[in-house]
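For reference, the structure discussed in these notes is given below.
No lab work stands behind these numbers, since they all come straight from the coordinates. Note that this is a predicted model, so its numbers are computed, not measured. Cβ placement follows ideal geometry from the backbone for every residue including glycine, while neighbour counts extend to all protein chains displayed.
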Amino acid sequence: MGFLHYFCRKDKIMKTSIHFSYKFVIGLILLVTMFCVSMVFGAASTSLQDVWQALFTPLKSDAINILRELRLPREVAAMLVGAALAVSGAIMQGITRNPLADPGLLGLTSGANAALAISLALIPGINYFGITIACFIGAAVGAVMVFGIGSMNKGGFSPLRIVLAGAAVSAFLYAIADGVGIYFNISKDVSMWTAGGLIGTSWSQLQMITPFILIGFIVALLLSRQLTILSLNEEVAVGLGQKTTQTKTILFIVVILLAGASVALVGNMAFVGLMVPHIVRAIVGTDYRLIIPMSVIAGAILMLLADTIGRTINIPYETPVAAIIAIMGLPFFLVIVRKGGRVFQ
Amino acid sequence: MVRLYTDDLSIGYGEQLIVKELSVQIPNQKITTIIGPNGCGKSTLLKAITRIIPFQSGAVILDGKSVDKENTKILAKKIAILPQTPESANGLTVGELVSYGRFPYQTGFGRLSKKDYEVIDWALQVTNTSSFKYLPVDSLSGGQRQRVWIAMALAQETEIIFLDEPTTYLDMAHQLEVLELLQRLNQEEQRTIVMVLHDLNQAARFADYIVALKDGQIVKAGPCEEVITKEVLRGVFHIDAEIGIDPRTKKPMCITYNLLKGEK
């Protein structure tokens with residue numbers, strides 16, 4: 001963990017009770033623990049020993065096969081999507097200085113969703129790569145629509161107005177997805193994608209999506225210092241010599257990659273990108289060099305937790321993970337609105 | 001030799017020009033103050049000179065080079081700008097905020113060097129904010145916060161500093177605190193300081209050079225004695241002013257004033 005060394009020097013300007021690298025390590029330990037928990041518990045009962053054997057030995061048994069082919073890709077997907085949504089939410093909140101920004105609330109998810117439905121309808125037999133690309137385009141279109149409508153009013157865009165625009169655009173885009181599904185008689189296919197959550201995530205899907213998400217993480221981390229300055233004040237950022245237009249464009253592309261890839265993997269999922277960055281800020285402060293890596297960990301943990309609850313709360317039936325997240329997220333949303341963006345201060 | 005000047009600078013959005021063909025020279029190592037009524041284009045001019053907003057025609061020249069063609073990071077080592085009342089600092093500590101002043105000197109992931117830490121500490125010291133180093137900026141009073149933002153601009157180590165109404169929302173003592181700090185920086189460090197001020201007497205007292213704007217054009221630019229006059233103030237602010245001499249600073253001051261009656 002060479003890069004953690006860098007943060008040691010931060011103490012000279014920032015007195016914190018617990019050093020960031022400790023927080024990071026604690027986060028990692030929590031993540032591994034949560035991963036083990038989510039691997040062990042499920043409809044088919046398995047033991048910690050099965051998990052160990054599935055991961056680290058070539059042994060074979062029914063339980064091990066279930067773990068390897070069903071649960072492991074699913075939990076890996078949960079971690080990736082949770083982390084991707086959390087980071088994209090953090091970036092959106094930073095760029096827009098809007099504490100309510102979230103890919104699910106601001107039209108990206110619904111845009112990707114609509115694009116997914118349209119591409120399934122118009123290109124029968126479209127492969128997974130095509131679907132992924134469609135999701136990227138849809139996410140971009142959805143975001144542009146929301147920010148376009150949100151900034152039409154001369155007073156600039158306030159956090160709540162953007163969220164209203166997001167709700168309106170999302171309703172519209174979901175209607176398009178539904179309409180396309182019904183008209184082309186592919187509703188079942190569409191909803192399998194969009195409402196399926198993590199069910200049936202396969203290794204081949206993961207292979208397709210993972211590079212996009214990893215690239216997104218790396219670029220986000222490289223630009224995290226720029227993002228912190230941008231999140232303060234745009235004029236200050238220009239004055240400090242930042243190419244703000246260029247920075248914002250790249251970060252916007254990162255958000256599209258992360259949110260679009262998430263939809264391609266699990267369909268609709270709001271509130272992860274909203275909640276995680278706020279929780280993370282309470283732990284590590286407002287420097288995006290720390291927020292981004294911590295959001296990766298916290299997002300992954302949250303999603304593993306939600307998925308495990310979803311799989312176990314009502315065995316043998318699955319409770320949709322999006323619903324679990326929404327149950328946690330909605331009260332959170334209301335608290336942020338009430339406190340004007342400062343949840344933990 | 002003047003380092004920074006504008007040449008027939010026009011700034012505006014669409015058809016409407018806010019600043020019209022304005023040519024002004026910023027004297028080196030002096031305090032220049034821009035005054036004028038609301039909406040006369042003071043802030044707009046400040047922002048265009050510091051490349052925060054684009055201009056339509058004309059030029060801003062620094063060291064013989066057009067500012068809009070210069071690398072923005074190099075500019076950030078020459079000119080610092082403190083915009084009007086930066087809102088919250090997002091929970092950053094004073095030390096963190098000031099450290100962002102080192103941004104133009106950093107590359108890659110932004111590790112602060114020994115030199116960076118020295119400059120940060122110096123900036124905190126000069127602005128008398130060292131004792132707040134580990135406190136959140138948002139927990140400070142208005143005057144303290146303004147000093148911290150100035151410290152950030154100082155950490156940029158630029159010879160030219162622009163400030164857009166640095167005394168707004170501060171009480172009298174805090175206003176003086178900020179202005180005296182700027183004066184000290186000018187006198188002891190030879191920094192060129194350009195700021196927008198609302199208070200005429202403060203402008204006269206602290207500035208070496210005053211630019212009086214109205215409707216996006218210069219009415220008068222020159223030393224205080226030439227600008228703070230009955231005629232200029234009548235033209236710029238539409239007021240009938242009584243000008244005297246400040247017994248302590250020997251600078252001109254506006255003792256009392258009335259709104260001019262009749263047509264503008």
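What to note about this one:
- Taking B:18, B:243, B:35 in turn, the Gaussian network model of chain B (Cα-Cα springs below 10 Å) assigns the largest fluctuation to B:243.
- Note on A:223-235: average number of Cβ atoms from other chains within 10 Å of each residue's Cβ is 4.
- Note on the stretch B:86-157: the alpha carbon radius of gyration divided by the globular reference 2.2 N^0.38 Å gives 1.01.
- Using alpha carbons only: equivalent-ellipsoid semi-axes of the protein assembly as shown, gyration tensor based, whole Å: 55, 27, 19
- Coarse-grained scattering of chain A at q = 0.07, 0.13 Å⁻¹, given as base-10 log I(q)/I(0) from a Debye sum over alpha-carbon atoms: -0.29, -1.00
- Computed over the stretch A:17-339: relative contact order in percent, which uses C-alpha pairs under 8 Å that are six or more apart: 31
- Largest mean-square fluctuation among B:168, B:129, B:107, in a Gaussian network model of chain B whose springs join Cα atoms under 10 Å apart, belongs to B:107.
- When the Cα gyration tensor is reduced to axis lengths a ≥ b ≥ c, the ratio a/c is 1.5 or higher for the stretch B:110-254, and with a/b above b/c it is classed as prolate.
- Selected from A:265, A:302, A:28 as most flexible by GNM, with chain A as the system and alpha-carbon contacts under 10 Å: A:28
- For residue B:115, the lysines whose Cα comes closer than 16 Å to its Cα, not counting residues fewer than 8 places off in the same chain, are A:10, A:12, B:77.
- Mean partner shielding of peptide A:241-247, defined as the number of other chain Cβ atoms within 10 Å of each residue Cβ, is 4.
- Measuring r between the beta carbons of residue B:68 and residue B:2 and using R0 = 22 Å, the FRET efficiency lands at 0.75.
- Residues A:20, A:252, ranked from the fewest to the most other C-beta atoms within 10 Å, line up as A:252, A:20.
- Computed about the Cα centre, the dipole magnitude for the stretch B:116-264 is approximately 500 debye when only Lys and Arg (+1) and Asp and Glu (-1) carry charge, each at its Cβ.
- Crossing angle, helix B:172-189 versus chain B [Cα axis fit, 0-90 degrees, rounded to tens]: 70
- Cβ-defined net charge surrounding residue A:199, 15 Å radius [Lys, Arg +1; Asp, Glu -1]: -1
- Over the protein assembly as shown, dividing the summed -39,500 (n - 2.57) contributions of all DSSP H runs of at least 4 residues by the number of residues returns a 222 nm mean residue ellipticity of -17500 deg cm²/dmol.
- For the stretch A:230-286, the equivalent ellipsoid derived from the alpha-carbon gyration tensor has semi-axes of 26, 18, 7 Å in decreasing order.
- The slack in the chain from residue B:173 to residue B:259, taken as 0.36 nm per residue of separation less the alpha-carbon distance, amounts to 28.2 nm.
- Computed FRET value (nearest 0.05) for residue A:160 with residue B:231, which takes r as the C-beta separation and R₀ as 41 Å: 0.25
- Given their separation in residues at 0.36 nm each and the Cα-Cα distance between them, residue A:37 and residue A:183 gain 48.3 nm when the chain is fully extended.
- Segment residue B:183-residue B:77, extension gain: residue separation times 0.36 nm, minus the distance between their alpha carbons: 36.1 nm
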